[in-house]
1. Does Gly15 satisfy being under 27 Å from Lys153 (Cβ atoms), among the small types (Gly, Ala, Ser), surrounded by fewer than 20 Cβ atoms within 10 Å (Cβ to Cβ) and modelled with pLDDT of 95 or more?
2. Hey, Ala138 hits all of (1) in a helix (DSSP H, G or I); (2) out of contact with any Ser or Thr (no Cβ under 7 Å at 6 or more places or on another chain); (3) buried (at least 19 other Cβ atoms within 10 Å of the Cβ) but one; which does it fall short on?
3. Could you count how many residues in region 212-234 are surrounded by 12 or more Cβ atoms within 10 Å (Cβ to Cβ) and either without any contact (Cβ under 8 Å) to a residue 60 or more places away in the chain or assigned to a helix (DSSP H, G or I) (or both)?
4. Is it the case that some residue within region 144-156 is under 23 Å from Tyr106 (Cβ atoms) and either in a helix (DSSP H, G or I) or in contact (Cβ under 8 Å) with a residue 12 or more places away in the chain (or both)?
5. Take the residues in region 54-72 that are surrounded by fewer than 17 Cβ atoms within 10 Å (Cβ to Cβ) and in contact with a strand residue (DSSP E or B) (Cβ under 9 Å, 6 or more places away or on another chain); name whichever of them is nearest to Leu117 (Cα to Cα).
6. Could you list all residues from region 173-211 that are farther than 30 Å from Val143 by Cβ and either touching a Gly at 6+ places or on another chain (Cβ under 6 Å) or surrounded by 14 or more Cβ atoms within 10 Å (Cβ to Cβ) (or both)?
7. So the check is Cβ under 8 Å with 6+ separation or different chains; which pairs have a first residue in region 42-60 that's in a strand (DSSP E or B) and a second one that's surrounded by fewer than 13 Cβ atoms within 10 Å (Cβ to Cβ)?
8. Does Gly214 fit the bill of being farther than 18 Å from Asn103 by Cα and not basic (Lys, Arg)?
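The values are calculated or read from the model by the stated rules, or taken from the named source; none is laboratory data. Here the structure is a predicted model, which is why all the values come from computation and not from measurement. When we count neighbours, we look across all protein chains shown, and the Cβ atoms used for this are built from the backbone with ideal geometry, even at glycine.
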Amino acid sequence: MRFLLTNDDGIYARGLIAMKHELERYGHVTVIAPITEQSAVGHTITIADPIKVKPVQRGGEFFGHGITGSPADCVKLGISCIMKPKPDLVISGINRGENIGINALYSGTVSAATEALILGFAGIAISVDEYIDPDYSAASIFVARLAYKLTLKGIKLPFALNINCPSTTIEHVKGVRITKQGESRFTDKFVKRQDPRGNVYYWQAGRTKIVDDGDDTDAVCLKKGMISITPIHYRLGWTGGIESLEAVDLEGLLNEP
C-alpha cells in the first residue's frame, strides 16, 4: 500500500511524525509537507511563484520532501510529479487542534484531503482536540487502521473524510460516529499591539466556540470523547454515499490488535 502524507503544521511537526510511524506498519509512506507552518491557509495554491522542494533528514535518514507551498500544493505536486506509482490514499495531519464546524473551511489540513478528492484520490484529514500538548496516539492508530481497511477492501469513497479525535490513548476513546459538519466556529478576538517603531498591529486571539447541540454534529461528538468522522466534498452542500463508509466496522478499529 502507498500513502501520501502531508499536513499544514509543517514537515517537522510531531503529529505528522506520529502518523508516519503508524502508517508504516501497513505500507510505504511518502511525506510531502510544507517546510514552514501553513495553518489556516485554506485551499490556497501557488501559481505566481516557483515551488521549491527540499529533501528533509531526520536521524541521519531521508524523512520526506519539504516544499515551499501550501498543503494543497503538496498534494498536487505529490500526485503529479513526485510519487510514482501514485498513492492509494492521501492522509493529511495529524493537525494540532480540532477542525470542526465552520473552521474546517479555513483549514489547510482539511483542504489537502479535498484536493486529493478533486484529483480523483481518496483523502483523509485528521486532527486532535488539543493544541498545547496533544496526545496523537489514538488518532494515529485509528487512522492507520482505517486507511488499511479502506485500501484493503478497495472501498472507493465518493467524498473525503474530516476526522477529529480526542487527544488521548485509543483505550480511552468513547466511540466512533459518522457526523455532519456543525455550526461551531472561530470567534474573532484581536489583541491590539504596537511594535518598537510605533506601528500598530493586531494578533488574532480567538477560540473555537461550540454552538451545536445535536449528537450527530462533529463538535458535540468530539466533546463527548468520541471520534468524529465527517464526510466532506469540494461541492459545498453535497451529501450522499454514506453507506460506503458504513461498510467498515468503525467501532471495531478501536479494539484491533
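1. Criteria not met by Gly15.
2. Every listed condition holds for Ala138 apart from (2).
3. 10
4. no
5. Of everything passing the filter in region 54-72, Thr68 is nearest to Leu117 (Cα to Cα).
6. Asp188, Lys189 - these are the residues of region 173-211 that are farther than 30 Å from Val143 by Cβ and either touching a Gly at 6+ places or on another chain (Cβ under 6 Å) or surrounded by 14 or more Cβ atoms within 10 Å (Cβ to Cβ) (or both).
7. Qualifying pairs under 8 Å: Pro55/Phe62; Val56/Phe62.
8. The answer is no for Gly214.
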